[in-house]
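The structure under discussion appears below in the form of structure tokens.
The values are calculated or read from the model by the stated rules, or taken from the named source; none is laboratory data. Since the structure is predicted, the reported quantities are computational estimates derived from the model, not experimental observations. All Cβ positions, glycine included, derive from the backbone under ideal geometry; neighbour counts span all protein chains shown. Only protein heavy atoms, including side chains, enter the accessible area calculation; ligands, DNA and RNA are left aside. Shrake-Rupley method; radii C 1.70, N 1.55, O 1.52, S 1.80 Å.
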Amino acid sequence: ASAPVAGRDPPCSGKAQASIRSALAGLKGGEPTVFLSNADLGDAGVAALLKGLAEGKFSLKVLNLTCNGITDSGAIRLAEALAGQASLETLVLAQNAIGDEGASRLAKAMDVHPRLRILAMEGNRVGDPGASALLTALASRRVAGAVVSLAANPVQRLTGPALDNLEAAATTVRSLAGVGVTLRQLLPLYNQCIDEGLVDPWKTTTGEFIRNIVLPRTAKTGTSFVAAESSKTGPPMTHVIHAWTGLFQDLLKCIAMHASKFAEPSLKLEDYALEASMPQDKVYFVDGFCCNQHSATNRLRSFGLSDSSAFPVGDARCQIDKLDLVAEQIRRRGGGVLVAVDSKQCVLSRLACLSEMRTAILDGLPMEANFISIQEAHGSLTDRAEACSEKARHELLEVAQVGPGGLEGFNRDIVDFINAQVAIKWQKKVSGKRN
């Protein structure tokens, strides 16, 4: 894996060869570090260095390859070689030309490496895919405290200090992925609000329920609904994609369908009392209840002021911009994704929801859809999809455009998924089976 690739690697320069010989000689003398900054290595030099390290079986602790023109090819070789460098603690690859592919492969290697704690990749060409892979690796590690820097890379999903060390953002993902909510928590609140005239099942949207019920109930604690309730549940096993513009009743029904396996589930908790499977105890990640909505809402914006308790998108502490990473953590523990398709198919008219679905498809996450009204999807969904602002719409469309297949591929993947789920649901309905 570390040999130069004929026709792809330029010749290893004399300067690089001399630097490599000197570094290997130092290792033979017992020095556990290699500093080869500005050594003109390139990918061919990386291959030559790795070959020497493998043959010498050294106990290397620090490898610094700053400013060497290393591309994805060299980074991939480094990732493949990490398994044979179990004592390595620090890998510095700053000021190179490594992109998303190289970063993603390094992330996978770091995920399972026993000691690698510092990965410096400042000044490379890593974008959101590579950053997401590194965040996932960090969030999945059993031992926290690693340092991964992506400063001065073209990453959009994280900004400023969050790029100096991804561990802070990974901590947010790790914590959030352990927060879940159950029907046992949601149904009593829903029915209580109906009885008190606070909710109209046929008019109240999820967004209205969050703003008018959840935010006031959690204002004193300034936390998420789940944290305010102080209820202990297991980690969520299903990430729910839904539209805040859809009816809250529809969201609950889709979750109840999934939990009970009935096509027409009741929304009264007592109706599940005799269920042997106890569907009310199945744990879901629903952003409106699991994310801290107070930290995502600038309550002083209308006064032209900033709110220090609200974290903007891109901040390491922001929760609402890391839902795809939470879904990946749920997948890693054996869970999946549920798309709650409301009666007006609002979930297919929100760019954020479509983007979540596309990410799940590309990442290979197990995903299914439940429908209030079983309808196929057609045409270019992005043409009529909306976002919370024109800026957000532009940014989401830009990400979709540069993804695999452009906007056409984006729309095709989602339409194909929805229609495949429609076929499954119709088949079960016709055959009289449970949902």
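Reported count of residues in region 31-55, each being surrounded by 15 or more Cβ atoms within 10 Å (Cβ to Cβ) and hydroxyl-bearing (Ser, Thr, Tyr), is 0. For region 409-435, which positions are in contact (Cβ under 8 Å) with a residue 24 or more places away in the chain, surrounded by fewer than 16 Cβ atoms within 10 Å (Cβ to Cβ) and under 16 Å from residue 358 (Cα atoms)? Passing the criteria: only 419. The residues on offer are 135, 186, 215, and the sole one that is open to solvent by 10 Å² or more (accessible area, probe 1.4 Å), assigned to a helix (DSSP H, G or I) and in contact (Cβ under 8 Å) with a residue 24 or more places away in the chain is 215. All of (1) free of Cβ contacts under 8 Å to residues at least 24 places away in the same chain; (2) loosely packed, with under 14 Cβ neighbours inside 10 Å; (3) of a type in the set (Ser, Thr, Tyr) hold for residue 260 with one exception: (2).
Can you find even one residue in region 270-292 that is closer than 24 Å to residue 417 by Cβ, at pLDDT 95 or above, open to solvent by 10 Å² or more (accessible area, probe 1.4 Å) and hydroxyl-bearing (Ser, Thr, Tyr)? Within region 270-292, none of the residues are closer than 24 Å to residue 417 by Cβ, at pLDDT 95 or above, open to solvent by 10 Å² or more (accessible area, probe 1.4 Å) and hydroxyl-bearing (Ser, Thr, Tyr). When you look at residue 97, is it in a loop (DSSP other than H, G, I, E, B), in contact (Cβ under 8 Å) with a residue 12 or more places away in the chain and surrounded by fewer than 17 Cβ atoms within 10 Å (Cβ to Cβ), yes or no? It is false that residue 97 is in a loop (DSSP other than H, G, I, E, B), in contact (Cβ under 8 Å) with a residue 12 or more places away in the chain and surrounded by fewer than 17 Cβ atoms within 10 Å (Cβ to Cβ). Restricting attention to region 115-132, the residues being open to solvent by less than 10 Å² (accessible area, probe 1.4 Å) and in a helix (DSSP H, G or I) number 2.
Of all residues in region 349-375, those that are outside any helix (DSSP H, G or I) have Cβ atoms under 7 Å from Cβ atoms of residues that are hydroxyl-bearing (Ser, Thr, Tyr), 6 or more apart or on another chain, in 350/245; 372/343; 373/343.
Using the structure shown, decide if residue 145 is touching a residue at least 24 places away in the same chain (Cβ under 8 Å) and at positive phi.
Details: touching a residue at least 24 places away in the same chain (Cβ under 8 Å): yes; at positive phi: yes.
When the stated conditions are applied, residue 145 passes them.
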